[in-house]
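See structure below.
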Amino acid sequence: MMKLFIPISLALILASCGTHAPMSEMVMFSQKKVEDKTYNSVAGFGISYQQTFPLDIEKAEPGAEFYPESYRTINIHPIFMAKSDTVSNVAFSLALGNNQGVDFTTQLLGNNYLTVGVNTDVSFQAILQRRLIYNNTTGAAAGIYYNSLNLNYTAPCSEDCYRGMFAYDLYQTQVAGIRFFIFHHSDEKVRTALRFDAKAGYAFKSKSPIIQAGISWTVF
């Protein structure tokens with residue numbers, strides 16, 4: 001069984017592409033009130049699942065077979081936050097799983113924030129967003145985003161051709177659009193939160209719409 005488990009696990013890890021959930025953006029909601037006292041979170045932990053829904057992307061690569069695994073990412077995230085009299089809200093987090101990466105969020109002005117992330121497959125994301133609401137249990141933010149997105153695929157192959165387990169090509173496309181996320185957390189000093197995020201964009205290479213959505217659980 002182990003002889004089968006190891007290569008299959010590696011295939012799932014290496015076949016996964018796309019961007020991860022940028023958990024550092026939770027710094028937008030780092031402040032918390034417990035029994036009339038105000039605190040700021042300095043660290044957190046999250047588990048995320050992200051799914052990409054490419055629409056008509058095969059138009060750009062006729063006959064290509066895309067790996068379903070490259071449409072989704074599953075990661076765990078240690079999160080580190082900082083806030084003081086001299087430092088604005090800043091945070092970074094790691095994505096550890098089937099598409100490793102790192103992301104960074106910083107406060108720009110007022111409730112406006114910039115988030116930047118990169119993955120080991122050289123996928124890239126930048127999000128300019130605004131915190132819309134936060135009432136100490138529910139929060140939401142919305143903005144615009146840009147992705148350099150990579151997906152795995154195999155080109156058409158004749159009967160006498162052989163492709164090994166890791167033989168695939170990278171399909172890269174630039175994507176821009178709008179993004180929204182909302183979450184709800186427990187009213188405690190150590191908060192557990194369930195959040196949902198979604199992106200609706202336009203893939204320039206295939207000239208088609210693309211949707212990305214995800215769900216995550218966070219402690220912060």
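Give the accessible area for residue 81 in Å² (nearest 10); use a 1.4 Å probe, count only protein heavy atoms, and leave out ligands, DNA and RNA.
Its accessible surface works out to 20 Å², give or take rounding.
Apply the Karplus curve 6.51 cos²θ - 1.76 cosθ + 1.60, θ = phi - 60°, to the phi angles in segment 90-97 and return the couplings in whole Hz, x for Gly and Pro.
9, 7, 9, 9, 9, 10, 10, x
Between beta-carbons, use under 11 Å as the cut-off and find the net charge around residue 189, counting Lys and Arg +1, Asp and Glu -1.
After counting each charged neighbour, the total is +1.
Please list 38, 52, 137 in order of solvent-accessible area, largest first, computed with a 1.4 Å probe with all protein chains present.
In descending accessible area the options line up as 38, 137, 52.
Once fully extended, how much extra length lies between residue 146 and residue 128, figured as 0.36 nm per residue of separation less the alpha-carbon to alpha-carbon distance?
Here the answer is 5.6 nm.
Just grab the label-to-label distance for residue 170 and residue 198, each label 7 Å out from Cα along the Cβ direction, in nm (one decimal).
Those two pseudo-labels are separated by 3.0 nm.
Evaluate the Debye formula for segment 85-155 with equal point scatterers sitting on the alpha carbons, no solvent, and hand back log10 of I(q)/I(0) at q = 0.11, 0.17, 0.22, 0.28 Å⁻¹, in q order, two decimals.
Here log10 of I(q) over I(0) equals -0.36, -0.75, -1.05, -1.25.
Which net charge results for the neighbourhood of residue 218, defined as the other residues with beta-carbon distances under 11 angstrom from its beta-carbon, given Lys and Arg at +1 and Asp and Glu at -1?
Result for the neighbourhood of residue 218: +1.
Take each of the peptides 139-147, 105-113, average the number of other beta-carbon atoms within 10 Å over its residues, and list them starting from the highest.
Put in order of decreasing packing, that is 139-147, 105-113.
Binning at 10 angstrom from zero up to the longest distance, how are the C-alpha pair distances of segment 169-220 distributed in percent?
23, 33, 24, 15, 4
The values are calculated or read from the model by the stated rules, or taken from the named source; none is laboratory data. Computed from a predicted structure; not experimentally measured. Every residue, glycine as well, gets a Cβ built from its backbone with ideal geometry; the counts of neighbours run over all protein chains shown. Protein only, heavy atoms only, side chains kept; ligands, DNA and RNA dropped before computing areas. Shrake-Rupley method; radii C 1.70, N 1.55, O 1.52, S 1.80 Å.
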